[in-house]
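The values are calculated or read from the model by the stated rules, or taken from the named source; none is laboratory data. Note that the structure is a prediction, hence the values are computed from the model and not measured. Here Cβ is always computed from backbone atoms with ideal geometry, including for glycine, and neighbour counts include all displayed protein chains. Accessible surface areas use protein heavy atoms only, side chains included; no ligands, DNA or RNA. Shrake-Rupley method; radii C 1.70, N 1.55, O 1.52, S 1.80 Å.
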Amino acid sequence: MFKKKLLLLALLGLLFSIIPGIALADNGPEISVVEDTVTISGQDVDPGEWVTISVEREDGKRAYISQIRSDNDGCYQFCFELKEGVYQVYLSNRQEAVSCTVEEEQEGNDDNNSSPGNHSITHTAYLHIVGDDEHGVILDRYLIRWTDESYYLDEALEDIFDEQGIDYLITNDGYLKSIDGLSEKKVGYPESGWKYKVNNIVPGYGIGSQKLKDVQKIILYYALTADDRGPGWPSSAGVISNKTEQVKQISSDYQNYLKELDSHNTVLNAGKQMSPKKAEEIKKDIEENQVSEEENVGVEECGVGDHEVSLFVPAEALQNEKKITVTELNTKDAPTAFAIKMASSVYEFGPGGTTFDKPVTITIQVPITQDMDINSLTPAWYDEQKGEWIPIPAVIDLKTGLVVFKIDHFTKFAVLETAGRVSFSDVGENLVWARDAIEILAGQGIIKGTGTGTGTGFEPGRSISRAEFVQLISKALNLTVDETGEMAFSDVNVDDWFADAVKIAYCNDIVSGYPDGTFRPDAKISRNEIAMVLKRLNKAQTAEDNAEIKDMETIPEWAKDAVNWAYQERLISGYPDGSFGGGQSLTRAEAAVVVYRYLNRFGE
């Protein structure tokens, strides 16, 4: 592509030095090239002014002819992509010709690939065809698929029209003359005919010179006038035509890798990660698309979704017909999690709670950006009871941005970057209930190990002190206080390691100490006290008494409301016998879980 752009810029410098009405500024026109879209602007270019450019191959066949009209800002914008070869360029009825050599862009090194074997996943673009008032929509949002070799629009259309049984006429030099019986000529409209646009830009050349690329949205439309810009992409951007076969094909591309998955992801095409431009195109496309799909699914195989997210249900995965829905959640409705970065939207699959007799395959499109931590990238399902995202082993294709995984139940799904972790030698399988909280908080620098030497221990079973807990909570929430804040406790000295944390907690009205003016930093903090700290921290409203807490009568009056609230919000759980045990202390592991739950529930 680098060579191609250099040649193009050199060509444009020659072209526009001899086109009347463009190279009028002393410094010449301003030219910008983004991939194949060229924008030219300059002084004294009249809005609506036309120039004509024609290009012929060295074999004499015409490959390009266009009238280009400046927009209201005095800019010319068009696509300029030609197959490999030598061209003669003619301008605005002049006899002079400029020779132009175009070389095919070079892909990255296919040998640099972390996936097992030689992986060749197909590319995708989208096609929508609209005729005149009589014909209406001829092909509705069709998914085009092709492999790694070059594929041009005329080739794609021939394949699609033959498959769909649509009559068409494409000339040898790559121009579209007729679709579904609707030809170029129409009585009363001498300029009528078929035109097309790619990502809302009308190219100035025929379909035989339009190379297909991932994510492109191509609209073929019947125009009545030469300057007809055509319709926009349909507001619902789903892929409709032959959906089940298309979704099944996407799923089947990755089935061999899915069969080999264990508890880890399989990353494909690590050496051919998508370019920043392609990632930006995918990101923009996803932002403009709001997923809302539904389909009645029975015992036969079925595909649901669109190009952003899709679901393939194999035959006999369901025993009875259900209306399957796939909905993209708004940001305010989507669950988040502490220290987790969302790489995709959150999609809710319904009906909620649906289970399948056979695993179904979900595919989510993700823009693979340069700042993304690939090692932490994973799809996940949302556990409503725990309020946590649970990772799912998947196939992640860095070239296409497709994340593919199998699941046997419905809930909310997303692709995310998991939080960094720090492990400890004494936090093993016996602490699986607390390990995520401990390792993720440690990964964020909120908690640390204990002891000397290697410092790999955490002492999860030791009771946490009042000083340790306020240090933990103030660091977790980045609490601060201005320098004018005063230390209010007689047993906290300014040079104590916990002094700043205690001062911050007091000035933020999180702790109040004891009536004798002490804080008792080394004392064990009770479950009642922690509930009070959390309620004050959240400035929560009064909560109703919880009948599930069997020992509520033992909770002191000052703590009852806080205990009710913390229990109701599932920040502190009770014991198996139904008691809360408010007077008991919390271990360091339990304290980590409480803080982690709070950050997931209320953290920003």
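Structure notes:
- Odd one out for residue 545 among (1) closer than 23 Å to residue 468 by Cα; (2) in a loop (DSSP other than H, G, I, E, B): (1)
- Members of the stretch 385-439 that are of a type in the set (A, V, I, L, M, F, W, C), assigned to a loop (DSSP other than H, G, I, E, B) and either over 16 Å from the mean Cα position of the chain (by Cα) or surrounded by fewer than 18 Cβ atoms within 10 Å (Cβ to Cβ) (or both): 392, 410, 419, 422, 424, 427
- Residue count, the stretch 326-359 (criterion: out of contact with any strand residue (DSSP E or B) (no Cβ under 8 Å at 6 or more places or on another chain) and assigned to a loop (DSSP other than H, G, I, E, B)): 4
- Residues of the stretch 180-195 classified as open to solvent by 20 Å² or more (accessible area, probe 1.4 Å), at pLDDT 85 or above and touching a Phe, Trp or Tyr at 6+ places or on another chain (Cβ under 7 Å), total: 2
Yes or no, residue by residue, for (1) closer than 18 Å to residue 339 by Cβ; (2) touching a Phe, Trp or Tyr at 6+ places or on another chain (Cβ under 6 Å); (3) modelled with pLDDT of 90 or more:
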| site | (1), (2), (3) |
| --- | --- |
| 565 | no, no, yes |
| 576 | no, no, no |
| 595 | yes, no, yes |
| 603 | yes, yes, no |
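- Positions within the stretch 180-201 being within 38 Å of the chain's Cα centre (by Cα) and either polar (S, T, N, Q) or assigned to a loop (DSSP other than H, G, I, E, B) (or both), in sequence order: 180, 199, 200
- Taken as a whole, the stretch 340-354 holds at least one residue that is in contact (Cβ under 8 Å) with a residue 40 or more places away in the chain, among the β-branched types (Val, Ile, Thr) and closer than 30 Å to residue 598 by Cβ.
- Candidates are the residues of the stretch 274-289 that are over 18 Å from residue 398 (Cβ atoms) and open to solvent by 60 Å² or more (accessible area, probe 1.4 Å); the one that is farthest from the chain's Cα centre (by Cα) is 288.
Residue-wise test of (1) in a loop (DSSP other than H, G, I, E, B); (2) open to solvent by 60 Å² or more (accessible area, probe 1.4 Å).
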position	(1), (2)
144	no, no
157	no, no
163	no, yes
172	yes, yes
178	no, no
203	yes, no
214	yes, no
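- Residue in the stretch 553-575 that is farther than 30 Å from residue 334 by Cα, of a type in the set (Phe, Trp, Tyr), exposed (fewer than 15 other Cβ atoms within 10 Å of the Cβ) and under 42 Å from the mean Cα position of the chain (by Cα) present: yes
- Long-range neighbours under 7 Å by Cβ, at least six apart or interchain, first residue among the acidic types (Asp, Glu) within the stretch 549-562, second not in a helix (DSSP H, G or I): 551/579; 551/580; 561/542; 561/543
- Total residues in the stretch 228-273, condition modelled with pLDDT under 80, within 20 Å of residue 398 (Cβ to Cβ) and among the charged types (D, E, K, R): 1
- Conditions (1) within 15 Å of the chain's Cα centre (by Cα); (2) open to solvent by less than 40 Å² (accessible area, probe 1.4 Å); number of the one not met by residue 293: (1)
- Condition met for residue 539 (modelled with pLDDT under 90 and more than 21 Å from residue 509 (Cα to Cα)): no
- Residue 367 open to solvent by 10 Å² or more (accessible area, probe 1.4 Å) and either aliphatic (A, V, I, L, M) or farther than 22 Å from residue 285 by Cα (or both): no
- Residue in the stretch 306-324 that is part of a loop (DSSP other than H, G, I, E, B), surrounded by 13 or more Cβ atoms within 10 Å (Cβ to Cβ), of a type in the set (A, V, I, L, M) and modelled with pLDDT of 90 or more present: yes
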